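Read the figures in this text as sums done on the coordinates, not as results from a lab. Source: prediction; values computed, not measured. In this analysis, Cβ positions are derived from the backbone assuming ideal geometry, glycine residues included, and neighbour counts consider all displayed protein chains.
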Amino acid sequence: YPFWAQQNYANPREATGKIVCANCHLAKKPTRVEVPQAVFPDTVFKAVVEIPYDTSVQQVSGSGSPTGLNVGAVVMLPDGFTLAPQDRLSEELKEETAGIYYTQYSDDQPNILLVGPLPGDQHQEIVFPILSPDPATDSAIHFGKYQVHVGANRGRGQVTVEGEKTNNAIYTAPVAGTVSAISTDANGATVVEITGASGSVTETVPAGPTLTVAVGDVVEAGLPITNDPNVGGFGQIDAEVVLQNPVRIYGLLAFFAAVALAQIMLVLKKRQVEKVQAAEGF
Ligand code: HEM
């Protein structure tokens, strides 16, 4: 869950560029983001995070029964960019963000936004309303091109906060040997006993993954003894946004106008010369 990232990591992006959700959501699935190429200061715009998956597929719940997938996302904006306040949203943005609860990563990181878990079948697209900062009112902010980092996930994780496997993960043989017994314990989990060179070892498989071995099978250490129940996955992507100085655009437009005018003047001048030449009988 996004709040586990909050609780366990001061910054959701590691020095390598990996977003920390990937530490527990081990499968990779696509994530996309749409942001404008450039935005003006003190302007509301949106970042659209896409978390596509096949909604007809179900995953295993904590108890092992089939259930739908939920989605969540983290958006890391450049310094100064924040969640747009409700009173500055257009009617369209209000509609697109209705019912979505956005949190900032921490008190001193209002530029990092979290969403989720949300029901995935209704939220394969999550709209983040964003307010750009104004260099005129904040001297720490400068015009320029900045990176946006986005991570988004669908489905349950494979690792818990304590570092244990969830029931939405592959289980493997702890040692090489022969499967000597398969039983069910008091919690409904399956206990697989493997007898190897140095005696018997058991691996407890909770309800969720399906066993792929039977009594008598020879297994190798570290190789799967269940299927992979995980149908979800995490993906991250970077984007760029330019905090654009409007004066530059006005300057560019003025330059274009000047060029267009100069061209027209040259044509007129040429016509004039041609007229003079015609009159003088060249
Ligand atoms: C569940 C997103 C970080 C471990 C979920 C779910 C979402 C999500 C949307 C619900 C999935 C569903 O019910 O179908 C995220 C995002 C993260 C993040 C966006 C980063 C910002 C983490 C971290 C851990 C973790 C750091 C491990 C410490 C899990 C586990 C579940 C889960 C174990 C399943 C919980 C259960 O159903 O029992 N996460 N997560 N997640 N997440 Fe994360």
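Results, tabulated for the structure shown:
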read-out	value
Extreme residue, positive dipole direction of the chain, given options Ala207, Thr178, Gly17 (C-beta unit charges)	Gly17
Taking segment 15-83 and dividing mean pair separation by its residue count, relative contact order in percent (alpha carbons under 8 Å, at least six apart)	19 percent
Gaussian network model of the chain, Cα within-10 Å springs - most flexible of Pro41, Pro224, Pro12	Pro224
Ranked list, fewest to most other Cβ atoms within 10 Å of each Cβ, for Ile264, Ile19, Ile100	Ile264, Ile100, Ile19
Computed P(r) (all Cα pairs; segment 117-255; 5 Å bins; percent)	2, 8, 12, 12, 11, 9, 7, 7, 6, 6, 5, 5, 4, 3, 2, 1, 0
Gyration tensor verdict on segment 64-168 (Cα atoms; rounded if a/c is under 1.5, prolate if a/b is larger than b/c, oblate otherwise)	oblate
Relative contact order computed over the chain (Cα-Cα under 8 Å; 6+ residues apart), in percent	24 percent
Net length gained if the chain between Asp228 and Gln147 were fully extended (0.36 nm per residue, minus Cα distance)	25.7 nm
Residue-averaged [θ]222 nm for the chain, counting only DSSP H segments that reach four residues, each worth -39500 (n - 2.57)	-5500 deg cm²/dmol
Equivalent ellipsoid dimensions for segment 8-143 as semi-axes, Å, which come from the Cα gyration tensor, largest first	29, 19, 12
